[in-house]
Amino acid sequence: MTTPFDPGFVARQFRLDGQAALITGGRGALAEAIAAALADLGCDIALASRHENDCAETAAGIAARFGRQAIGLRCDISDEEEVEAAVGATVERFGKLDILVNNAGASWWGLPEEIPLSGWRKVVDTNLTGTFLACRHAARHMIASGAGGSIVNIASVGAFLSYTPDAGQVVPYTTTKAAMVHLTSDLAAQWARHGIRVNAVAPGSVETGMTQTLDANTQQKLLDGILLHRFGRPSEIVATVALLASAAGSFITGQTYIVDGGQCLA
């Protein structure tokens with residue numbers, strides 16, 4: 001049966017009333033923006049990271065502003081027991097888990113010939129292994145429930161770019177984000193039969209988080225490589241997350257959406 005094209009039919013597809021989402025990497029401006037967007041559409045929210053108090057504070061603000069249930073959880077994304085516990089706590093609190101947003105991320109700056117193995121492992125454990133663990137435990141619940149679900153991985157425009165040393169020394173970061181893109185399509189192919197959609201959003205340089213840790217000269221080099229000549233804002237990333245999380249994106253799976261102001265094209 002087709003959806004009737006009556007007034008409001010597009011807006012209704014974005015609604016997430018009665019749904020529950022777990023957002024990893026739940027500390028910081030982008031996590032808050034994602035939580036606010038999903039809560040604004042009617043979703044209950046669990047924010048999880050190693051910084052449980054920060055997640056709880058953000059969750060309290062989300063609950064107050066949007067009138068949704070929101071909780072903060074402890075979760076080291078590289079620790080399988082903690083990932084499993086965070087998924088379990090979300091299901092216990094809300095009775096379900098419909099949406100997973102993998103927002104946890106780490107980077108390590110340095111020339112590849114000088115990066116310590118510990119630095120490489122930290123980034124791989126967070127960006128790649130952690131994403132896989134969260135996907136796996138969320139999918140186990142989604143499969144068991146029979147209701148399917150949506151997984152949105154936060155990748156990076158760095159997955160599609162290679163930087164010279166003066167512009168970026170982030171080989172572990174870009175490598176793991178590229179692997180995340182392929183993991184996304186692989187998991188989509190594996191879990192489509194269970195009604196689980198898996199997609200990714202690849203933000204460009206955003207005026208928060210890792211971009212702010214760069215020196216002024218490096219930031220200017222990044223700006224010179226963006227067609228719109230500015231950094232993105234968290235609010236400009238979350239609409240794509242909402243699309244992929246909701247029924248508006250119900251025929252989309254295995255895809256990575258680049259939201260970068262033309263950074264890949266410059």
* Under 6 Å by Cβ, and 6 or more places apart or on different chains, what pairs join a residue from segment 31-58 that is within 13 Å of residue 239 (Cα to Cα) with one that is surrounded by fewer than 18 Cβ atoms within 10 Å (Cβ to Cβ)? -> 33/235; 41/15
* Structure fact -> Scanning segment 99-152 for residues that are in a helix (DSSP H, G or I) and in contact with a His (Cβ under 9 Å, 6 or more places away or on another chain), the one farthest from residue 25 (Cα to Cα) turns out to be 143
* Pairs with Cβ under 7 Å, 6+ apart, first in segment 234-250 and under 12 Å from residue 154 (Cβ atoms), second of a type in the set (Lys, Arg) and crowded, with 22+ Cβ neighbours inside 10 Å -> none
* To do: Look through 24, 58 and report the one residue that is among the hydroxyl-bearing types (Ser, Thr, Tyr) and more than 30 Å from residue 171 (Cα to Cα).
  => 58
* Structure fact -> Of the residues in segment 153-172, those that are over 15 Å from the mean Cα position of the chain (by Cα) and part of a helix (DSSP H, G or I) come to 160, 171, 172
* All but one of (1) in contact with a helix residue (DSSP H, G or I) (Cβ under 7 Å, 6 or more places away or on another chain); (2) at pLDDT 95 or above; (3) buried (at least 18 other Cβ atoms within 10 Å of the Cβ) hold for residue 252, so report the exception by its number. => (3)
* Single residue of 33, 56, 39, 60 found to be in contact with a strand residue (DSSP E or B) (Cβ under 6 Å, 6 or more places away or on another chain), part of a helix (DSSP H, G or I) and surrounded by fewer than 22 Cβ atoms within 10 Å (Cβ to Cβ) -> 56
* Asked: In segment 187-221, how many residues are assigned to a helix (DSSP H, G or I), surrounded by fewer than 19 Cβ atoms within 10 Å (Cβ to Cβ), touching a helix residue (DSSP H, G or I) at 6+ places or on another chain (Cβ under 9 Å) and not small (Gly, Ala, Ser)?
  -> 6
* Asked: Just wondering, is there one or more residues in segment 7-15 that are among the basic types (Lys, Arg), in contact (Cβ under 8 Å) with a residue 40 or more places away in the chain and under 22 Å from residue 131 (Cβ atoms)?
  -> no
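The values are calculated or read from the model by the stated rules, or taken from the named source; none is laboratory data. The structure presented is a predicted model; accordingly, all values stated were derived computationally and were not measured. Because the Cβ atoms are built from the backbone with ideal geometry, glycine has one as well, and the counts that use them run over all protein chains shown.
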